[in-house]
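Read-outs: derived from the displayed coordinates by stated rules, not from any lab. Note that the structure is predicted; figures quoted are calculated from it, not measured. All Cβ positions, glycine included, derive from the backbone under ideal geometry; neighbour counts span all protein chains shown.
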Amino acid sequence: MGEYHWPPQYDPDDPVWLKVVGLIAHLPGAYTEPTWGSLTLRVNRKLFAWCKGGLNDAIYTIVFKPNPDELPFLKADQRFRPAPHFTQWLALDLGENWDPAEVQELLTDSYLLVAPNRLSQLVHQPGLPCDVIWAILADSVITQAVQQ
């Protein structure tokens, strides 16, 4: 029995998804991976968000793990709804005028919940020299390549 390959539910060259991927560029070790036909956002092989829509679906949706402290406020906001298949995760449809700063904050919070401490600690360290960040990222990429 062969592996099932999910049909793509997104276009990797779609400008909306390219913009979303750009929003996680500041997160050490964050990367994208196609999974279940969707674009998933991961760190250390752990899922922190996924994106769907845009190919045959005009609605762009981001599913993410919200900060537990913000969960009651996000649930009260009508733009957010429970995510399918993941309890305590939320889905947000991106409208025409979505706010990149808001989406970046949601994705960063989600990342911080699943990232290893050695990476998550770098997110809130203003002024960390770039050569230190690149050394840590290079080590993470080499480790992932060796593990695969």
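Gain on full extension, evaluated as 0.36 nm per residue between His5 and Glu102 minus their Cα-Cα distance, stands at 31.6 nm.
Amide H contacts for Asp11 (H built 1.01 Å from N in the peptide plane; partners 5 or more residues away or on another chain; cut-off under 5 Å): Leu55. Neighbour counting of Cβ atoms within 10 Å sorts the residues Lys19, Lys52, Lys65, fewest neighbours leading, into Lys19, Lys52, Lys65.
The 3J(HN,Hα) values that the Karplus relation (6.51, -1.76, 1.60; θ = phi - 60°) gives for region 66-75 are, in residue order, x, 4, x, 5, 9, 3, x, 6, 5, 5 Hz. Gly and Pro appear as x.
The HN-Hα couplings worked out from phi for region 91-101 by the Karplus form 6.51 cos²θ - 1.76 cosθ + 1.60 (θ = phi - 60°) are 10, 10, 7, 8, x, 5, 10, 5, 9, x, 5 Hz, whole numbers, x standing for Gly and Pro.
A simple rule links phi to the HN-Hα coupling: the Karplus curve 6.51 cos²θ - 1.76 cosθ + 1.60 with θ = phi - 60°, which for region 18-29 gives 4, 5, 4, 4, x, 6, 9, 4, 7, 8, x, x Hz, with x for Gly and Pro. Remark on Tyr60: its backbone amide H falls under 5 Å from those of Leu94, a criterion applied only to residues 5 or more positions apart or on other chains, H modelled at 1.01 Å from N. Qualifying GluC sites (Glu not before Pro) in region 1-105, where qualification requires a DSSP coil assignment and no more than 11 other C-beta atoms within 10 Å, comprise Glu3, Glu96.
For region 1-85, the set of chymotrypsin sites (Phe, Trp or Tyr not before Pro) satisfying both a DSSP loop assignment and a count of at most 10 other C-beta atoms within 10 Å is given as Tyr4. With the simple spin-label model, which puts each label point 7 Å out from Cα in the Cβ direction, the Leu55 to His26 separation comes to 3.1 nm.
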